[in-house]
Amino acid sequence: MSGLCNEKLIYGNLINGQWVESASGKVITITSPADGSLVGEIQALSKEEVNEVIRYSKESLSLWSSVPIYEKAGILYKAAELLEERAEEISDILMMEIAKDKKSSVSEVKRTADFLRFTADAGKSLEGIAVSGENFPGGSRNKMSYVKRVPLGTVLAISPFNYPINLSASKIGPALIGGNTVILKPATQGAISALHLVKALQDAGLPGGVLQTVTGKGSEIGDYIVTHGGIDFINFTGSTEVGRHLSQISCMTPLLLELGGKDAALVLEDADLEYAARNIVEGAFSYSGQRCTAVKRIITTDEVADRLVDMLKAGIEKLPVGDPRENVVVTPLIDQKSADFAEFLIQDAIAKGAGLIVGNKREGNLIYPTLLDHVTVDMEIAWKEPFSPILPIIRVENMEEAVEIANRSEYGLQSSVFTKDINKAFRIAEKLEVGTVQINNKTERGPDHFPFLGVKASGMGTQGVKYSIEAMTRPKAITINLTE
Ligand code: NAP
Ligand code: G3P
């Protein structure tokens, strides 16, 4: 194949610098959740081909780690430029492949270009340290440790369907600048978008073998790659279910996990409710709630809920719903299974007594934005991650109870606290068992140089430009012993 795909929309994998089809002849057809049209076909690699990819990755390590950082950074700058030039083309693919609305698709591509540039800058600022032996009892000035960061080796990057460009680049960029070689296993639905990112990096001048791809169903090829002895680090974003499985089988291979969430917005009585309502609607329903950081529950008192409900309803009713190409916010979910699950959560809540304020309408995989009031702890929607446009309101007696219910979740990604009282905000923030608390803002990942992490079932390890570079490099100490 001469490029990443042929005229029949058959996509290859980038293996040792060439776009190639699988010798197995097995392909997976990718159709659009928007209208069922063909997006393309991707390869289902065999185990033998995975072995080859890993071998090339190992062979490329010494070459890549010897490339000066400023040259590595130059490649990332160039890739960022190419992504921006191709933003329209790539966002059109995102719209069709994962039914992401136009505005969010363009923003994902541009944000990724910024991410790569920031990563290049951070790489150029990497410095080592010198530690003198004299600081420790019995130590001596004659002993000095020179410590710098070195690559881990071959990084396996596994990305989810919902941000195939951004959450692939957030692993690839920091891994490359740290001197690692990378194998990307993108989500099957989302793989075509991710392959376009890889093409931009290849066109920017990455040597063959430094970045390669492996497409194929995670359920078929995933365990094989994850447990392969040639993988030195696994950087995974996806569901808690798959993340937990990978941590069980990965044995001694270090891994970083970004998993699911059930982010709560705690709204206090003194909050600016108009602002909170606007902000929460955006946080809960953008890309149809298919974001790990979407606001997935509101926890508040009766007094606030009574006033907030009307404001939320008004905001939700204005949300444009439909085809991702038509300037909307809420689009069809990624597949039928996700839409069935969303419908189940809504029906379960209504059957157990929740109040339906708006929504509960389905057309195919399109779930209309749904607001449920008086949600109680016996309902599935109180605890499950819907990954769809459903927002439950849980009413509590006071903020102590709100914190208790927020923390009772198995997840611990982010939480929001809306209040005008900064003292209260800080006191509550200290008690919330999450990676990040947002004061007076919806839960969200960015800006992408902030530390981003989940605790409990939401993950392990920290992402964010410099944190990701640190996670995918290790200290190497060389101790100098001066003689008298
Ligand atoms: P998923 O089903 O867990 O899949 C994630 C990735 O894992 C895909 O590439 C998938 O490949 C692969 N995979 C599946 N089984 C595997 C195995 N046995 N070995 C290796 N890889 C395997 O998640 P998703 O549906 O794509 O994404 C949605 C989930 O991701 C949500 O729970 C969301 O909260 C979470 N997420 C978390 C963050 C965060 O930063 N915390 C960010 C985004 C998304 P296939 O597609 O081929 O199955
Ligand atoms: O779910 C993907 C995660 O990276 C969220 O990013 O910017 O939508 O909060 P964001």
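Could you size up the charge dipole of the stretch 1-80 around its Cα centre, putting +1 on the beta carbon of Lys and Arg and -1 on that of Asp and Glu, and report it in debye to the nearest 20?
Values: 7 positive and 9 negative charges, 47 e Å.
That gives a dipole near 220 debye.
On a per residue basis, the convex hull of the C-alpha atoms belonging to the stretch 392-457 measures out at 100 Å³. Backbone geometry of the stretch 261-277 corresponds, through the Karplus equation with coefficients 6.51, -1.76 and 1.60 at θ = phi - 60°, to 3J(HN,Hα) couplings of x, 9, 4, 9, 10, 9, 10, 8, 5, 8, 6, 6, 5, 4, 5, 4, 4 Hz, x marking Gly and Pro.
Taking each of LYS58/LYS171; LYS47/LYS100; LYS185/LYS262 in turn, the alpha-carbon distance tops 23 angstrom for LYS47/LYS100; LYS185/LYS262. Can you give me the % of accessible surface on the stretch 209-305 that is carbon or sulfur? Probe 1.4 Å, all protein chains present, nothing else counted. Taking all protein chains in place, the stretch 209-305 shows 52 percent carbon and sulfur surface.
Annotation: amide H-H contacts under 5 Å for VAL150 (H modelled 1.01 Å from N, sequence separation of 5 or more, or interchain): ARG474, LYS476.
Size of the stretch 105-199: Rg and Dmax of its alpha carbons, in Å, are 18.8, 59. Note on exposure: GLU71, GLU127, GLU258 ranked by accessible area (1.4 Å probe, complete protein assembly) read GLU127, GLU71, GLU258, with the most exposed listed first. Once Rg and the Kirkwood radius are both taken over the C-alpha atoms of the stretch 261-374, their ratio Rg/Rh works out to 0.95. Here the 3J(HN,Hα) profile of the stretch 199-205, calculated from phi with Karplus coefficients 6.51, -1.76 and 1.60 at θ = phi - 60°, is 4, 4, 5, 5, 5, 6, x Hz, Gly and Pro shown as x. The base-10 log of I(q)/I(0) for the chain, evaluated at q = 0.06, 0.09, 0.13, 0.14 Å⁻¹, reads -0.29, -0.63, -1.19, -1.32 [Debye formula, identical scatterers on Cα atoms, solvent excluded]. Would you mind getting me the FRET efficiency between ASN327 and SER132? Use the beta-carbon distance for r and R0 = 45 Å, nearest 0.05. Efficiency computed from Cβ-Cβ geometry: 0.15. Here the Karplus curve 6.51 cos²θ - 1.76 cosθ + 1.60, taken at θ = phi - 60°, turns the phi angles of the stretch 475-484 into couplings of x, 10, 9, 10, 9, 9, 10, 7, 9, 5 Hz, with x standing for Gly and Pro. What are the residues whose amide H is under 5 Å from the amide H of ARG297, where those residues sit 5 or more places off or on another chain and H is modelled from the backbone? Here the answer is ALA265, since their amide H atoms fall under 5 Å of that of ARG297.
Regarding the stretch 1-132, what is the average projected area of its C-alpha convex hull, in nm²?
Values: hull surface 44.7 nm².
Approximately 11.2 nm², given one-decimal rounding.
Placing unit charges on the Cβ atoms only, positive for Lys and Arg and negative for Asp and Glu, gives the chain a dipole magnitude near 1240 debye about its Cα centre.
Scanning residues 5 or more positions from GLY459 or on other chains, those with amide H under 5 Å from its amide H are LEU259, with H placed 1.01 Å from N in the peptide plane. Applying a DSSP loop filter and a limit of 13 other Cβ atoms within 10 Å to the trypsin sites (Lys or Arg not before Pro) in the stretch 308-377 leaves LYS318, LYS361.
The values are calculated or read from the model by the stated rules, or taken from the named source; none is laboratory data. Everything quoted here is computed from the prediction, not taken from an experiment. In this analysis, Cβ positions are derived from the backbone assuming ideal geometry, glycine residues included, and neighbour counts consider all displayed protein chains. Note: accessible area is taken over every heavy atom of the protein model, side chains too, but ligands, DNA and RNA are not part of it. Shrake-Rupley method; radii C 1.70, N 1.55, O 1.52, S 1.80 Å.
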